[in-house]
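Peer 1: Please see the structure below; I have some questions.
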Amino acid sequence: MMDAIEIAAKLMELSAATAPKSKGVSFVRTQVLTGETLQTLADAMVRYGERTGKKDFDRDAKGVARSGAVVLVGLKAARAVGLDCGACGFPDCASLEREAKREKEFVGPVCAFRLLDMGIALGSAVKTASMLNVDNRIMYRIGTVARQTGMVDWDFVMGIPLAATGKNIFFDR
C-alpha cells in the first residue's frame, strides 16, 4: 500500500506543477515527505502547538503520524503579476514589491494572483489524490511547521497528508 501512496504523491506533484499559473509563470513548489520524516514532522507539530498555545496542532499531528506520505505545496519568492489590480491591498504592483516582507507563520504580503495559482495547484493535487482513491485533506498547520523546522524555505506552504484506510483518518475530529 505504501508504494501506491508514494506513487500517488508523485502524481499529485505533477498535477500541482502543471496546473495553470498566472501569465504562465510558476512560483509554486512541491515536495513529498515519507518515512521517518512524517514522525519528525508530527512531533514538531505537537511542540509548535504547545509552544505557541495554538490549538489543533496536536490533533493534526496525529493524522500526519498515521499518513503514508505528505505532499507539500507552496510558493517561493512569488513576484507580482503586474496587473495593478489592488487585490493584495496595495494600490499597485510596484508598491507590493517595495513592501518589506513580514514573517510570521508565513511570509507576506503576496500577490493575490500568486495565491490563486497556489490554490489551483492544491486543488489539482487533491483532485489527483481523489481520482486515485487516496484519502487526503489540505492542512495549513503542516505547512507552518514544515517552514518553522526548515523542511522547506518557501514563503507560504500547505500540506496534504495521504492515507489509504477504510475510513478517511483526516476527518476524525
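The values are calculated or read from the model by the stated rules, or taken from the named source; none is laboratory data. Keep in mind that what you see is a predicted model, and the values were worked out from it rather than measured. We place every Cβ from the backbone using ideal geometry, glycine too, and count neighbours over all the protein chains shown. Accessible surface is based on the protein model in full, side chains and every heavy atom, while ligands, DNA and RNA are left aside. Shrake-Rupley method; radii C 1.70, N 1.55, O 1.52, S 1.80 Å.
Peer 1: Against the definition (assigned to a loop (DSSP other than H, G, I, E, B) and either buried (at least 16 other Cβ atoms within 10 Å of the Cβ) or modelled with pLDDT of 95 or more (or both)), how does Leu83 come out, yes or no?
Peer 2: yes
Peer 1: Also: Looking at Ala121, Ala100, Ala129, Ala112, which is the one that is within 25 Å of Ser22 (Cβ to Cβ), without any contact (Cβ under 8 Å) to a residue 40 or more places away in the chain and open to solvent by less than 40 Å² (accessible area, probe 1.4 Å)?
Peer 2: Numbers: Ala121 fails: without any contact (Cβ under 8 Å) to a residue 40 or more places away in the chain; Ala100 fails: open to solvent by less than 40 Å² (accessible area, probe 1.4 Å); Ala129 fails: without any contact (Cβ under 8 Å) to a residue 40 or more places away in the chain.
Criteria check complete, one pass: Ala112.
Peer 1: A further question follows. List the number of the failed condition for Gly89; all other conditions in (1) open to solvent by less than 50 Å² (accessible area, probe 1.4 Å); (2) of a type in the set (Gly, Ala, Ser); (3) on the phi > 0 side of the Ramachandran plot hold.
Peer 2: All conditions are met except number (1).
Peer 1: What single numbered condition from (1) closer than 28 Å to Asp3 by Cβ; (2) at pLDDT 95 or above fails to hold for Tyr140?
Peer 2: (1)
Conditions (1) closer than 19 Å to Thr149 by Cβ; (2) among the acidic types (Asp, Glu), marked per residue:
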position	(1), (2)
Ile5	no, no
Thr18	no, no
Phe27	no, no
Leu33	yes, no
Leu38	yes, no
Asp43	yes, yes
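Residues are listed down the side, and each one gets a yes or a no for (1) under 18 Å from Ala163 (Cα atoms); (2) touching a residue at least 24 places away in the same chain (Cβ under 8 Å); (3) over 16 Å from the mean Cα position of the chain (by Cα):
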| position | (1), (2), (3) |
| --- | --- |
| Gly24 | no, no, yes |
| Arg51 | no, no, yes |
| Asp60 | yes, yes, no |
| Arg66 | yes, yes, yes |
| Ala78 | no, yes, no |
| Val81 | no, yes, yes |
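Peer 1: Tell me, please, whether a residue that is within 16 Å of the chain's Cα centre (by Cα) and under 22 Å from Arg47 (Cα atoms) can be found in segment 107-117.
Peer 2: yes
Peer 1: On the given criteria, is Thr34 at negative phi, open to solvent by 40 Å² or more (accessible area, probe 1.4 Å), at pLDDT 95 or above and in contact with a strand residue (DSSP E or B) (Cβ under 6 Å, 6 or more places away or on another chain)? Working first, answer last.
Peer 2: On the way: at negative phi: yes; open to solvent by 40 Å² or more (accessible area, probe 1.4 Å): yes; at pLDDT 95 or above: yes; in contact with a strand residue (DSSP E or B) (Cβ under 6 Å, 6 or more places away or on another chain): yes.
The answer is yes for Thr34.
Peer 1: Being in a loop (DSSP other than H, G, I, E, B) and of a type outside the set (S, T, N, Q): is that true of Ala77 here?
Peer 2: Details: in a loop (DSSP other than H, G, I, E, B): yes; of a type outside the set (S, T, N, Q): yes.
Yes, satisfied.
Peer 1: Go through (1) small (Gly, Ala, Ser); (2) in a helix (DSSP H, G or I); (3) open to solvent by 40 Å² or more (accessible area, probe 1.4 Å) one by one and return the number of the condition Gly166 breaks.
Peer 2: Tallying (1) small (Gly, Ala, Ser); (2) in a helix (DSSP H, G or I); (3) open to solvent by 40 Å² or more (accessible area, probe 1.4 Å), Gly166 fails exactly one: (2).
Peer 1: A follow-up question, please. Are any residues in segment 26-41 hydrophobic (A, V, I, L, M, F, W, C) and part of a helix (DSSP H, G or I), and if so, which ones? Spell out how you get there, then give the answer.
Peer 2: Step one: of segment 26-41, the residues hydrophobic (A, V, I, L, M, F, W, C) are 27-28, 32-33, 38, 41.
If the condition is that a residue be hydrophobic (A, V, I, L, M, F, W, C) and part of a helix (DSSP H, G or I), then Leu38, Leu41 are the ones that fit.
Peer 1: Something else about it: Got at least one residue in segment 5-25 being in a helix (DSSP H, G or I), among the polar types (S, T, N, Q), touching a Leu at 6+ places or on another chain (Cβ under 9 Å) and open to solvent by 10 Å² or more (accessible area, probe 1.4 Å)? Break it down stepwise before answering.
Peer 2: From segment 5-25, those in a helix (DSSP H, G or I) are 5-18, 22-24; that's our starting set.
When the remaining residues are screened for being among the polar types (S, T, N, Q), the result is 15, 18, 22.
Now drop any that are not touching a Leu at 6+ places or on another chain (Cβ under 9 Å), which leaves 22.
Then keep just the ones that are open to solvent by 10 Å² or more (accessible area, probe 1.4 Å); that gives 22.
The answer is yes; a qualifying residue exists.
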